[in-house]
1. On the given criteria, is D313 open to solvent by less than 70 Å² (accessible area, probe 1.4 Å), touching a Ser or Thr at 6+ places or on another chain (Cβ under 8 Å) and not hydroxyl-bearing (S, T, Y)?
2. Please list, ordered by first then second residue, the pairs with beta carbon atoms under 8 Å, 6 or more apart or interchain, first in segment 359-378 and without any contact (Cβ under 8 Å) to a residue 24 or more places away in the chain, second open to solvent by 50 Å² or more (accessible area, probe 1.4 Å) and outside any strand (DSSP E or B).
3. Of everything in segment 51-66, what is more than 12 Å from G28 (Cα to Cα), open to solvent by 50 Å² or more (accessible area, probe 1.4 Å) and assigned to a loop (DSSP other than H, G, I, E, B)? Give them in sequence order.
4. Within segment 261-279, can one find any residue that is farther than 24 Å from V377 by Cα and either open to solvent by 20 Å² or more (accessible area, probe 1.4 Å) or free of Cβ contacts under 8 Å to residues at least 24 places away in the same chain (or both)?
5. Among the residues of segment 15-39, write down those that are within 18 Å of G94 (Cβ to Cβ) and open to solvent by 30 Å² or more (accessible area, probe 1.4 Å).
6. Could you list, in sequence order, the residues of segment 179-203 that are open to solvent by 80 Å² or more (accessible area, probe 1.4 Å) and outside any helix (DSSP H, G or I)?
7. With respect to S232, determine if the residue is under 29 Å from the mean Cα position of the chain (by Cα), at positive phi and modelled with pLDDT of 85 or more.
8. Given the conditions (1) modelled with pLDDT under 90; (2) in a loop (DSSP other than H, G, I, E, B); (3) under 54 Å from the mean Cα position of the chain (by Cα); (4) not charged (D, E, K, R), which single one is not true for L27?
Amino acid sequence: MRDQDQPGVLESVLQTAVDAIIIIDGLGVIESVNPATERMFGFVAAEMLGQNIKMLMPSPYQEQHDGYLKRYHSTGERRIIGIGREVMGQRKDGSTFDLHLAVSEVDAGSRKMFMGIIRDISDLKSVENELKQLNATLDQRVREQAEDLHQAQRKLEEKERFAMLGRISGGIAHEIRNPLNVLRTSAYFLLNAKAPAAEKQQEHLTRIDRQVAIIDSAVTALSDLARMPEPSASSFEITSVLEAILCDVKLAGNIGVEQDFSDDLPLALADEKQLTLVFKNLILNAVEAMSAGGVLRLSASLQSQRVVVVVADNGVGMTPDVVSQITEPFFSTKSRGMGLGLPITKAILEKNRCEMQVESEYGNGTTFSISIPSSGVQS
């Protein structure tokens, strides 16, 4: 492009630009405006030329503008020059609107001049405010829905607690009513029998003592379930725990044992005493399920950075309906027993951040898989 063509081209750009373009001198006096400036602010060019640029600003931007220019002339510090920013503009009718202002210094020889390019962003800000309001409304709705969900969950938990309380109450009644009936019978005999034989007295006293022990055992077991102590986690070898339990448990001659412990097992991270109770209970249950003989299978392996212990038997097994109830207090398939072993086992595992899975098929045995946090340290 030839130099003599440049003034005409620049003038054409100024005249057709969509954005307002204003040129001021070092004191802030307007020297040039383009047609877009007239449309944007409502003034004609003659009303703006020779006036201070502050006429297009509402307070407090008017006061700030003088400070910007003064600071720039004295220190050279740029607050708005060369930096785009959002400010407020003021039209001829006094109304204000949001605008984006970009100011640059113009090389005019010995004079300092500045050019401002202004874009009306009031529509954009309006949409932005609407979005903020929508987000605020959405946040409020989310909070309300979360509260509704929380209330519903709390009601459900309350219903479940009442249902559990009913099952526990029924279990307590069953476990204590029978011994109480025996106690009542023996007490009635001792109170009303005329000159009973010493042997008969001793028989009923022994029966009373035995039934009191049964009631005490029921209360103690229930208390243990309700007040399970918080675990004290430490690193330990799970295989040593399993081997020690096998040494303590008396196995009938018709029950064999298969062990499969991985060599690269890390130490388990849990309360060793509580986990010992868990596995002793599972092993005893497996042995009882094989009254006609069978094989107790124990294995331990590393899966997904957790130690997984499997206790399996090929005993009588359980139906799906029974499997779904075995961790409920006082549910039992045994003729003797209170049905608290597996509920206590479940409570211990949950407190120790362990997970339990049960697979069983009636007539073909049961498999318990216990996933335990790993310490990451090789045993």
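The values are calculated or read from the model by the stated rules, or taken from the named source; none is laboratory data. Since the model is a prediction, treat every value here as computed from it, not as a measurement. We place every Cβ from the backbone using ideal geometry, glycine too, and count neighbours over all the protein chains shown. These accessible areas exclude ligands, DNA and RNA; they are computed on the full protein's heavy atoms, side chains included. Shrake-Rupley method; radii C 1.70, N 1.55, O 1.52, S 1.80 Å.
1. On the way: open to solvent by less than 70 Å² (accessible area, probe 1.4 Å): yes; touching a Ser or Thr at 6+ places or on another chain (Cβ under 8 Å): yes; not hydroxyl-bearing (S, T, Y): yes.
Yes.
2. If the second residue must be open to solvent by 50 Å² or more (accessible area, probe 1.4 Å) and outside any strand (DSSP E or B), no pairs are left.
3. The answer is S59, P60.
4. Residues of segment 261-279 that are farther than 24 Å from V377 by Cα, as a first pass: none.
Checked against the condition, which is being farther than 24 Å from V377 by Cα and either open to solvent by 20 Å² or more (accessible area, probe 1.4 Å) or free of Cβ contacts under 8 Å to residues at least 24 places away in the same chain (or both), segment 261-279 yields no hits at all.
5. The answer is E38, R39.
6. K194, A195 - these are the residues of segment 179-203 that are open to solvent by 80 Å² or more (accessible area, probe 1.4 Å) and outside any helix (DSSP H, G or I).
7. Numbers: under 29 Å from the mean Cα position of the chain (by Cα): yes; at positive phi: no; modelled with pLDDT of 85 or more: yes.
So S232 does not fit the description; no.
8. (3)
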